[in-house]
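No value in this document is a laboratory result; all are computed from the given coordinates. Note that the structure is predicted; figures quoted are calculated from it, not measured. Note: ideal-geometry Cβ built from the backbone for every residue, glycine included; neighbour counts use all protein chains shown.
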Amino acid sequence: MWTVLDGGASVHIDGQVVTVGPGDTLIFPADVLRRISADPAAGFAAIAVAPPGSRAYTPDRDKLLPGWVA
């Protein structure tokens, strides 16, 4: 779950694109490809929350421990 604090982003998830801004909350389903692109002018700041031991995937589907979880 991510809550946008400042700026904005385009979120590409499961074939759709959603634009988010301050106050918006995103809940990502497991195992769905996603990409977050910060607004070039406004930047992007968010709080990300995940259960302990959560993993993310690289575009090649390799699992990794994201820095924001560690």
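With unit charges on the beta carbons (Lys and Arg positive, Asp and Glu negative) and the dipole taken about the Cα centre of the chain, which residue among MET1, GLY21, GLY53 sits farthest to the positive side?
GLY53
With only alpha-carbon atoms in the gyration tensor, what are the semi-axes of the equivalent ellipsoid for the chain, in Å, largest first? Before the final figure, lay out the partial values.
Numbers: eigenvalues 83, 42, 24 Å².
Equivalent ellipsoid of the chain: 20, 14, 11 Å, largest first.
Taking the simple approach of a point 7 Å from Cα along Cα-to-Cβ for both ILE47 and LEU64, what is their distance in nm?
Here the answer is 2.6 nm between the modelled labels.
Counting Lys and Arg as +1 and Asp and Glu as -1, each charge on the Cβ, what is the dipole of the chain about the Cα centre in debye, to the nearest 20?
Details: 5 positive and 7 negative charges, 39 e Å.
In total the dipole reaches around 180 debye.
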